[in-house]
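Nothing in this text is a laboratory measurement; each read-out follows from the coordinates by a stated rule. Fair warning: this is a prediction, and the values are worked out from it, not measured in the lab. With ideal geometry, Cβ positions are generated from the backbone for all residues, glycine too; neighbour counts draw on all protein chains shown.
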Amino acid sequence: MRINLKDIIDVPGGFVPFVCELETERIASPAIARHHTPPRAEGQVTNTAGVLTLTGVIRCDMDMICDRCLEEYRLEKEIPVSVPLAAELSGEDDSEIYLLSGEWLELSDVLETCFILDMEQKRLCRADCAGLCPDCGKNLNQGPCSCKKSCDPRMAVLEQLLDKESI
Ligand SMILES: [Zn+2]
Ligand SMILES: [Zn+2]
């Protein structure tokens with residue numbers, strides 16, 4: 001999807017709203033098991049004192065694969081988007097700026113990039129996910145495995161304390 005910005009490109013205060021559904025096959029990631037609905041972006045391109053900015057939010061509802069225990073979990077998420085746009089680059093510090101092709105903005109491109117960057121973070125089913133036992137592969141969220149004692153340093157300290165007390 002592309003949008004035409006000719007009505008606002010030279011009009012401070014002007015804005016163009018948009019709604020755009022992302023194509024799931026273009027934003028595939030090994031961390032995503034499936035989308036319940038395709039991610040949908042809503043927002044606007046605004047001309048603020050001559051500077052164009054795309055702002056909005058991408059709403060997603062997905063089954064993700066936990067980075068630590070490899071179980072699937074559901075993630076409903078809103079990804080905030082704020083991208084400066086320009087018709088041409090002016091020199092320094094242009095790395096964040098998305099270039100227009102004439103008066104056209106390749107909206108899908110920008111939104112897909114924002115989505116993919118957001119997906120690059122490590123994702124866990126929960127903050128304290130215990131992960132898999134490195135020896136037997138059991139999912140430790142479901143309880144301890146029968147391998148020898150954990151070598152978690154925090155546990156080791158605790159065990160030392162307990163040992164001292166039992167002397
Ligand atoms: Zn997990
Ligand atoms: Zn184990």
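Some notes on this structure:
- Percent of beta bridges antiparallel (DSSP, the chain, rounded to nearest 5): 95
- Under-5 Å amide H pairs with VAL81, H placed in peptide plane, nonlocal only: GLY56, VAL57, ILE58
- Cα-based Kirkwood hydrodynamic radius, the chain, one decimal, Å: 19.4
- In degrees, nearest ten, helix 153-166 long axis to first principal axis of the chain (Cα): 30
- Dividing the helix sum by the residues of the chain, where each DSSP H run of 4 or more adds -39500 (n - 2.57), gives a mean residue ellipticity at 222 nm of -5000 deg cm²/dmol.
- Relative contact order (%) - criterion: Cα under 8 Å, at least six apart; region: segment 48-136: 31
- Net lengthening on full extension, GLU25/MET1 (0.36 nm per residue, minus Cα-Cα): 7.2 nm
- Across the options LEU52, TRP104, PHE18, the greatest Cα extent toward the positive end of the charge dipole of the chain (unit charges at beta carbon of Lys, Arg, Asp, Glu) belongs to PHE18.
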